[in-house]
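Read-outs: derived from the displayed coordinates by stated rules, not from any lab. The structure displayed is predicted, hence computed values, not measured ones. Don't worry about glycine lacking a Cβ; one is built from the backbone with ideal geometry, like all the others, and counts go over all protein chains shown.
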Amino acid sequence: MNPNHHPGASLILAYASGSLSEGLGLVVASHMSLCKQCQENVRDAEMIGGAFLEEMAPKKIKNDILDNILNQIDAIAQEEPVFSYQSDDPEIPQPLCDYLNSSLDDLNWKFLAPGLRHIPVSAKAGKNGTVRMFKIAPGTTLPVHTHSGTELSLVLRGSYCDEFGRFQPGDIADVDQSDFHQPIADTDQDCICLIATEGPTVFQGVLNRMLQPLFGI
């Protein structure tokens, strides 16, 4: 797989530094598992970050900080293990397997709107964010919209096109409140995407805004 759309430099740096939310990080990690170019970019960013750390002057820390860290590690170790879907299915990136319990076709898809189904993904996305899988029926055109914060989308099956190009399996789209677009599923198969947002979608048009609370996106 050779994706054509990749995370930008700022997103790569944020991922490498660990500053992304779990949801946004999941989308980037899933793309990376399919993209050697971005794996190399993250390694480079980590090396740059490591070099900066080495040059920083040391600071004094509280005496009990190590005990606190060890206690947190012990608490994590005692948590119930998370079910991980074991699959050789090339459509499911390895990082996403920890959040799914079946193949894409067997997921418990729920109706959201005509031509659009979804399921929530249990990754933390901040106070107002969401992480979901979306399945868009062939030929479905979504309403024109923008976003209240960053939205990352990773195509797993099928494709869609919008004002920013055509997105196929492995491609990642990075849009925010400065972008308006209207995705269209443009093949004869469902377009399935992993999408993480920092805030609600902002639809254009009175009717679409009235229906938004029903859709929950």
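For the range 115-175, trypsin sites (Lys or Arg not before Pro) meeting the loop criterion (DSSP other than H, G, I, E, B) and having at most 15 other Cβ atoms within 10 Å: Lys124, Lys127. Computed extension length for Ser103-Asn128: 6.2 nm, one decimal, from 0.36 nm per residue of separation with the Cα-Cα distance subtracted. The relative contact order of the range 147-187 comes to 48 percent, based on Cα pairs under 8 Å that sit 6 or more residues apart.
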